[in-house]
Amino acid sequence: MRIMTCNLLVPAMLLLTCVISGRAAEVGYFANNGFGNPVASLQHPSAEHYNGKTYVAYQGPQEDPQVCVYDHAAQQWTGPVKAGENPLGRKPSPRDPDAIDNHGRPALIIDGEGFIHLIFGGHGGVPELGENTLGTPGGGKQIHAVSRRPEDITEWEVLDNVSPFGTYSQFVRMDDGDLYLFYRHGSHRSDWVYQKSVDNGRTFSEPVSVLKHKQRTDDPNVHDAWYAWFEKGKGDTITVGYVYHRCAIEGHAKDRVNGYFMRLDCADDSWETVQGEPLQIPVTKEYADAHTLVCDTGTEQCNHGTNRVDSEGNPHLFFRQGSGQVRYYRWSGTAWQGPSVISPGHKGQDGDFLIESPSVVRFLLTQGGDGGGEVGWWETTDGGRTWEQGARLISSPTATFDVDALVRNGGPQARMVVSEIDERGGDFYRKVYLLSD
Ligand code: ZN
């Protein structure tokens with residue numbers, strides 16, 4: 001195991017706006033001012049490797065986006081830099097756990113000219129921002145910020161060019177530079193949409209609805225709602241894995257069931273099934289059940305996971321099912337295979353994976369138990385029939401770990417950002433690590 005070293009010894013609260021340079025003692029983490037749940041796989045990517053450096057965004061004090069950059073050749077961290085203000089964190093008591101929203105943690109991506117883009121601050125927007133025609137209000141405001149200079153995290157400006165009603169914001173950048181911003185357009189009872197930019201994020205199209213929320217005809221108290229995770233597929237395509245949320249106004253519960261998959265052809269922004277049959281958007285619950293279903297879990301819980309494609313373009317994905325167990329599925333070319341249970345699993349298990357060949361897949365997963373936790377590899381070499389545990393990259397007897405999605409364009413030297421949650425209690429500040437192989 002080799003954990004990146006850092007140079008931060010000053011208290012977290014002093015790091016709000018300054019850039020720390022020079023080296024002090026070496027510790028395993030690169031920042032200690034992560035706040036609440038600083039990273040998650042849903043808001044992604046939150047780290048990208050670019051020109052020999054890894055840029056990382058996470059949620060810091062008052063839920064504001066913090067950015068650090070690691071120069072791999074120089075083995076030197078710069079940051080954290082506070083890159084903006086998150087309206088969700090402007091609360092009277094940042095130490096009240098109920099006051100930490102966590103929905104507006106930042107996603108990060110680098111455009112074709114090297115500018116660094118952040119999207120953060122949204123939990124569906126407040127009514128004062130105007131009428132939300134695609135959903136219901138939540139809180140905060142989706143904010144798009146960009147670095148003032150390429151490959152430089154020290155100064156940021158807000159670009160007022162995306163809907164303020166977003167949450168769970170996710171960037172996908174295509175090989176030709178086109179930038180897609182996917183998000184849920186409000187609180188639970190809202191459409192999932194995208195806005196597309198063909199000029200490195202300087203302007204975006206109007207939101208296009210992909211997944212439709214609507215009142216159910218069999219129970220007006222209940223709306224169809226969704227959780228979705230978008231990623232670049234093979235060539236000029238984007239894939240999405242998603243789950244259904246039965247959103248009750250009275251008697252609300254967090255129920256999420258069923259797994260779904262579909263694909264966007266970015267050449268003409270048309271959607272299709274895994275078999276390549278055309279789809280009409282926005283997709284409703286009934287339409288999704290008929291055309292895009294991966295797994296019908298009945299009443300068993302099914303939370304979103306990540307999805308990626310192999311060299312033949314076939315999707316592999318996972319959902320967190322039952323008590324939170326990671327279960328893997330893959331498209332064989334003619335049918336969905338799975339689920340296959342990767343590890344014993346636990347509530348809140350999460351991770352991401354990379355595909356080395358259609359039958360060789362490696363997951364980086366959290367594991368927990370008895371107050372401690374770890375993040376480590378699990379690998380299949382037979383298409384998911386069997387899994388073997390590999391190296392542990394980080395572990396603790398008293399802390400568990402939250403993880404982001406894999407570092408964009410990362411490799412052995414920069415795989416995943418994790419934050420450490422001390423299970424013995426304490427405050428809401430977290431150490432944040434960048435894991436390499
Ligand atoms: Zn709901």
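Coordinate-derived values only; no laboratory data. Owing to the predicted nature of the structure, the values given are computational and were not obtained by experimental measurement. When we count neighbours, we look across all protein chains shown, and the Cβ atoms used for this are built from the backbone with ideal geometry, even at glycine.
See the values below:
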item: Calculated from backbone phi, Karplus (6.51, -1.76, 1.60) coupling profile of region 427-433 in Hz, x at Gly/Pro; result: 8, 9, 8, 10, 7, 10, 10
item: Computed over the chain, the ratio Rg/Rh where both radii use C-alpha atoms and Rh is Kirkwood; result: 0.94
item: Test item: Cα-centred dipole of the chain, Lys/Arg +1 and Asp/Glu -1 on Cβ, debye; result: 720
item: R0 of 41 Å, Cβ-Cβ distance Thr386-Asp422: FRET efficiency to nearest 0.05; result: 0.75
item: Contour minus Cα-Cα distance for Asp152 and Thr133 (0.36 nm per residue); result: 3.2 nm
item: Rounded to whole Hz, the Karplus (6.51, -1.76, 1.60) HN-Hα couplings of region 50-57, x for glycine and proline; result: 8, 6, x, 10, 10, 9, 10, 10
item: Cα-Cα over 24 Å, subset of Lys254/Lys347; Lys234/Lys254; Lys141/Lys196; Lys91/Lys214; Lys91/Lys196; result: Lys234/Lys254; Lys91/Lys214; Lys91/Lys196
item: Distance between modelled label sites at Lys91 and Ser311, nm, 7 Å Cα→Cβ extension; result: 4.8
item: Nitroxide proxy distance, nm - points 7 Å out along Cα→Cβ at Gln215 and Glu356; result: 5.4
item: Estimated inter-spin distance, Asp175 and Ala248, nm [label 7 Å along Cα→Cβ]; result: 4.9
item: Integer Hz, Karplus 6.51/-1.76/1.60 couplings in order for region 306-317, x for Gly and Pro; result: 9, 8, 8, 10, 8, 5, 8, x, 6, x, 10, 8
item: Isotropic mean projected area of the C-alpha convex hull, region 173-222 (nm²); result: 4.2
